[in-house]
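Heads up: the structure comes next, in structure tokens.
The values are calculated or read from the model by the stated rules, or taken from the named source; none is laboratory data. All values reported here derive from a predicted model rather than from experimental measurement. Because the Cβ atoms are built from the backbone with ideal geometry, glycine has one as well, and the counts that use them run over all protein chains shown. The protein model used for the area step is the full one, side chains on, heavy atoms only, and it has no ligands, DNA or RNA in it. Shrake-Rupley method; radii C 1.70, N 1.55, O 1.52, S 1.80 Å.
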Amino acid sequence: CSISIPKQRKFTTLSIRCLWRSAAICWSCWLLLAGMLTNGLINAGALGHFPPAIQESHGAVIQATVISLYSSVSIGGKLLLGWINDRFGVVVSTTYACVLFGLSFVFLLLPGQSAVPLYAMALVFGLGNAIGTVTPPLITAQVFGKEQYSRAYGVANSFSQVGLSLGSLAVASVYDAAGSYRPAWFLLLALTGVTLACWVGSVVLARRMK
């Protein structure tokens, strides 16, 4: 695995050649890509199926209100995630965003007909869904460094696009098979945990490689 350590960087910078020449030992590279894939799955699955799921359970008015709420919150959520990353680092910012993203499925799984959990879901989802746009370039830059970022992000983003293309279809298939969105929410919650583990693991391994 080819490694360079620029003087101005504190942590190891992995060469893009890790992806092709030493894939078997470049666990950091593959964890990054696995996280990109699952990140695409959970974002497409959530954004594609929250509207019909909420309308099915609570009607069109509450659906529209919830969508408007999390869309508005997400504007500030992206700025907040960037500030957390600058202040505390990429591991903390990624953990923060993934936990909030996962909590949105927890609120959807709560029993009862009250709309209150939906508004709570809209708040945490609006704050957490920045993992779909803000976190991927931050993680890629941390693992590969500025020198390799442009080439590395092209590969990483391809895995995200695969996930985005399959996420909504996967949730729809689970819904058709089960007749309910609950199994799909459990699946997306689990995949959110996988995304967090892959990304944090990728950064930790990249820092340890000498």
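Regarding segment 88-111, can at least one residue be identified that is farther than 28 Å from Val200 by Cα and surrounded by fewer than 23 Cβ atoms within 10 Å (Cβ to Cβ)?
Yes, segment 88-111 contains at least one residue that is farther than 28 Å from Val200 by Cα and surrounded by fewer than 23 Cβ atoms within 10 Å (Cβ to Cβ).
I'd like the residue in segment 144-187 that is more than 19 Å from the chain's Cα centre (by Cα) and crowded, with 19+ Cβ neighbours inside 10 Å and, out of all such residues, is nearest to Arg208 (Cα to Cα).
Across segment 144-187, the extreme among qualifying residues is Gly145.
Give me the residue from segment 76-86 that is open to solvent by 60 Å² or more (accessible area, probe 1.4 Å) and touching a residue at least 12 places away in the same chain (Cβ under 8 Å) and, out of that set, nearest to Ala44 (Cα to Cα).
Result: Lys78.
Give the number of residues within segment 188-210 that are open to solvent by less than 10 Å² (accessible area, probe 1.4 Å) and closer than 14 Å to Asn39 by Cβ.
Of the residues in that region, 5 qualify.
Looking only at segment 124-143, which residues are part of a helix (DSSP H, G or I) and surrounded by fewer than 19 Cβ atoms within 10 Å (Cβ to Cβ)?
Residues satisfying the conditions are Pro137, Ala141.
Could you grab me the full set of residues in segment 112-123 that are of a type in the set (Gly, Ala, Ser) and exposed (fewer than 14 other Cβ atoms within 10 Å of the Cβ)?
Gly112, Ser114
Which pairs have Cβ atoms under 7 Å, sit 6 or more apart or on different chains, and link a residue in segment 87-101 that is within 16 Å of Val194 (Cα to Cα) to one that is aromatic (Phe, Trp, Tyr)?
Thr94/Trp199; Phe101/Phe125
So which of Lys78, Lys146 ends up being closer than 27 Å to Ile54 by Cα and of a type in the set (Lys, Arg)? Full working, then the answer.
Numbers: Lys146 fails: closer than 27 Å to Ile54 by Cα.
Lys78 is the lone residue from the list that is closer than 27 Å to Ile54 by Cα and of a type in the set (Lys, Arg).
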